[in-house]
Amino acid sequence: MSLIDLQTVSKTYQMGDVEVRALREVSFAVEARDFVAVMGASGSGKSTLMNIIGCLDRPSSGSYHLDGQEVSRLDRRELAHVRNRTLGFVFQSFNLLSRTSALENVELPLVYAGTSARERRRRASAALGRVGLGQRMGHHPNQMSGGQQQRVAIARALVAEPRLILADEPTGNLDSQTSIEIMALFQELGAAGITVLLVTHEPDIAAYASRVVVMRDGIVKTDTRQTPRGAAADLASGGPPEAHPS
Amino acid sequence: MNPLETLRVALRALLRNKMRSFLTVLGIIIGVGAVIAMVAIGEGAKARVEESFASMGSNLLIVMPGSTNASGARGGFGSMPTLTWDDLRAIRSEVSSVRYAAAQLRSQAQLMSEDQNWSTSVTGTSPEYFLIRNWKVSSGRQLLDSDIETSSKVVLLGQTVVDKLFGPSADAVGQIVRIKNIPFEVIGVLEKKGQSAMGQDYDDGAFVPQSTFQSKIQGGLQKFLSGTIFIGAISTDATARAEEQIGALLRDRHRIGPGMDDDFSVRNLTEMANAQQEGTRTLTTLLASIAAVSLLVGGIGIMNIMLVSVTERTREIGVRMAVGATPFNILMQFLVEALTLATAGGIVGVGIGIFSAGQLASRFGWPMLIRPDIVVISVGFSALVGMVFGLYPAHRASRLDPIDALRYE
């Protein structure tokens, strides 16, 4: 059974008088432990696809099974529980709570899971250690670099031990060196058994995934498997293969 | 997410914008503070009025003897002595709601000092009379039971009588006053009491032991008490009960069957008590309206800032929702924030109210009284206001779409 299983999912928005068909009967499945990059121009429907997979939005029609559970008809409260237990989010702009320490940012999903304060602290410190920020737990986001902030965000996505991490342009605000570091981290998580779904418009970044899905006009245009580049190897060899604009 | 956690998050959010939080609740602080201060001063004033009422006798009852009925021409109350000294003793010992009972035998008489004279009312009574009327001596001593037992020729003078007989600043104690040409020794001067509502000067009078009064001033029957009986009930609330009990006792003692006219009457000062209650009610209504208006204004301020806060923190709301906050979690977060803000405002307001009442009271010498129930009600009402006015912003926050919220700039 696939971790993500979308069957003929459509999503239609009403923008004033105009009906926008963001997704047109997309069927799409992702197996557990896969590392998938979703590419596409803006307006291709990739963000809508991510929102539906991320249980932030519901499809207009079609079915969506996440980890065996039909989630396309759940209400807002139930979707919140699914996000809390099964998903982790990483955003382009980090979306950390300002004036809140790294540790407390990472604890946030556990707060809504009802975990005890002591257990939260223990697990959040472990997650920060895992992303290499064990020494910066008390720092606030404005005291950290972009790469560090994104690591905190990844720790937050990991802390509740989700099945799936959804990353929306996670390297969009980072320089290329830091981007590779972040990709190395995602590859590590993939190796540890977490499924990663990544949205990017940069081919360099998509190269680190083992499957690349290209969206266009609300449908899946191409879906290819590839041998991923080793981000750790790139870091060891002293940098990215080529500089790319960010 | 447990309530304590929610409270902690709310406190952090509020402390992050200390100045704004403070300004937001200023309306509630001032409103509650003003109400607490006014109620404290108002209650103090009320207590003082009540006290002075008590001194005049808000728990005072007067038993008057009955009327004559001579061939159909009925005299007024007091036209015939029907009360006996035994009645007085019975009231004193048998009626539980009566604290004091004293006879008041009254007569108009000419008083003479060495070089002046003055006509005033002379009252024969016992020491309890002064307890009922809460009347102390400003110099000398009170009447004693021994004065009555020995029928001493001693007199207590009101301040007006002293002024007329001896001059305004004279010390009358120890002087001799002649009443009906019989010399009485002045043992004390009573405190100034002023005028009654009807313009009667309380200080224009002389008081002698009731036994002396009967033997020297106005000879009367031994058995009957040719005057009235003053009763001090145990409390203002007990006057009605005392009135009933005394009535029943006297009807029994005088063998008055059902349907027959009483040969006495018991009077109280309900009119005064009613007027006093009316005043209190008006004051309470006034204060309640001020409180309601100020809390309304404060509540609108809270709603305004909470709406701003929700807009400002749209992204935070989006993040919280993305990591698993349910709409209810978000609703509670903002509701608890508004509630905490308003309750804190209420508590600070109470503190400021008590402080300013204390300052006013000590500066102007006003009495003050902090009523705990008013404090609790004020804080409770502030909390309610926070809740009511926080509900709409909190609801708006909880209805946000996480996608839009995350994208909000």
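Odds and ends about this structure:
- Residue A:26 vs. criteria at pLDDT 90 or above, in contact with a helix residue (DSSP H, G or I) (Cβ under 7 Å, 6 or more places away or on another chain) and closer than 24 Å to residue A:204 by Cβ: no
- The stretch A:194-213, residues that are buried (at least 20 other Cβ atoms within 10 Å of the Cβ), part of a loop (DSSP other than H, G, I, E, B) and hydrophobic (A, V, I, L, M, F, W, C): A:194, A:209
- Some residue of the stretch B:396-404 being part of a helix (DSSP H, G or I) and away from chain A (no Cβ under 14 Å): yes
- Qualifying residue in the stretch B:1-19 (condition: modelled with pLDDT of 85 or more and away from chain A (no Cβ under 14 Å)): yes
- Flag for residue A:124 being over 20 Å from residue A:51 (Cβ atoms), within 13 Å of chain B (Cβ to nearest Cβ) and at pLDDT 95 or above: yes
- Selection status of residue A:167, in a helix (DSSP H, G or I) and either within 13 Å of chain B (Cβ to nearest Cβ) or buried (at least 22 other Cβ atoms within 10 Å of the Cβ) (or both): no
- Here residue A:120 fits the description: buried (at least 19 other Cβ atoms within 10 Å of the Cβ) and farther than 26 Å from residue A:199 by Cβ.
- When B:130, B:207, B:184 are checked against the criterion of being under 30 Å from residue B:85 (Cα atoms) and at pLDDT below 90, B:130 stands alone in meeting it.
- When residues in the stretch B:148-207 are screened for being among the acidic types (Asp, Glu), part of a helix (DSSP H, G or I) and more than 22 Å from residue B:126 (Cα to Cα), 1 of them pass.
- All of (1) without any contact (Cβ under 8 Å) to a residue 12 or more places away in the chain; (2) more than 28 Å from the chain's Cα centre (by Cα) hold for residue B:359 with one exception: (2).
- The listed residue being without any contact (Cβ under 8 Å) to a residue 24 or more places away in the chain and away from chain A (no Cβ under 14 Å), out of B:334, B:364: B:364
- Selection count, the stretch A:58-85, where residues are at the interface with another protein chain (Cβ under 10 Å from one of its Cβ atoms) and surrounded by fewer than 21 Cβ atoms within 10 Å (Cβ to Cβ): 7
- One residue from A:143, A:150, A:177 being in contact with a strand residue (DSSP E or B) (Cβ under 8 Å, 6 or more places away or on another chain), polar (S, T, N, Q) and more than 12 Å from residue A:103 (Cα to Cα): A:150
- Pairs where the first residue, in the stretch B:298-324, is within 14 Å of chain A (Cβ to nearest Cβ) and the second is outside any helix (DSSP H, G or I), C-beta under 6 Å, 6+ apart: B:314/B:408; B:315/B:408; B:316/A:97; B:317/B:400; B:319/A:95; B:322/A:89
- Residues located in the stretch B:122-134, provided they are over 19 Å from residue B:152 (Cα atoms) and surrounded by fewer than 19 Cβ atoms within 10 Å (Cβ to Cβ): B:131, B:134
- Just so you know, in the stretch A:1-48 the residues that are in contact (Cβ under 8 Å) with a residue 12 or more places away in the chain and acidic (Asp, Glu) include one that is farthest from residue A:90 (Cα to Cα), and it is A:25.
- Only residues that are more than 10 Å from every other protein chain (Cβ to nearest Cβ), crowded, with 19+ Cβ neighbours inside 10 Å and of a type in the set (S, T, N, Q) were counted across the stretch A:42-57, and they come to 1.
- From the list A:177, A:143, A:135, A:149, the one residue that fits, being away from chain B (no Cβ under 12 Å) and surrounded by 22 or more Cβ atoms within 10 Å (Cβ to Cβ), is A:149.
- Selection from the stretch B:141-162 of residues that are surrounded by fewer than 18 Cβ atoms within 10 Å (Cβ to Cβ) and under 16 Å from residue B:174 (Cβ atoms): B:141, B:142
- If you go through the stretch B:355-390 and pick out every residue that is of a type in the set (Lys, Arg) and assigned to a helix (DSSP H, G or I), you end up with 1.
- Single residue of A:1, A:50 found to be modelled with pLDDT under 95, more than 27 Å from residue B:399 (Cβ to Cβ) and hydrophobic (A, V, I, L, M, F, W, C): A:1
- Of the candidates A:18, A:38, A:30, the single residue that is surrounded by fewer than 23 Cβ atoms within 10 Å (Cβ to Cβ) and within 15 Å of the chain's Cα centre (by Cα) is A:30.
- Enumeration of residues in the stretch A:94-138 that are in contact with a Gly (Cβ under 8 Å, 6 or more places away or on another chain) and not aliphatic (A, V, I, L, M): A:94, A:95, A:101, A:109, A:112, A:125
- In the stretch A:62-102, of all residues being hydrophobic (A, V, I, L, M, F, W, C) and in contact with a strand residue (DSSP E or B) (Cβ under 8 Å, 6 or more places away or on another chain), the one that is farthest from residue A:183 (Cα to Cα) corresponds to A:71.
- Annotation for the stretch A:91-108: at least one member residue is assigned to a helix (DSSP H, G or I) and more than 12 Å from chain B (Cβ to nearest Cβ).
- Verdict on residue B:323 being surrounded by fewer than 20 Cβ atoms within 10 Å (Cβ to Cβ) and on the phi < 0 side of the Ramachandran plot: no
- Every test in (1) away from chain B (no Cβ under 14 Å); (2) over 12 Å from the mean Cα position of the chain (by Cα) is passed by residue A:183 save one, and that test is (2).
The values are calculated or read from the model by the stated rules, or taken from the named source; none is laboratory data. These numbers come from a predicted model, not from an experiment. Cβ coordinates were reconstructed from backbone atoms using ideal geometry, including for glycine residues, and neighbour counts include every protein chain displayed.
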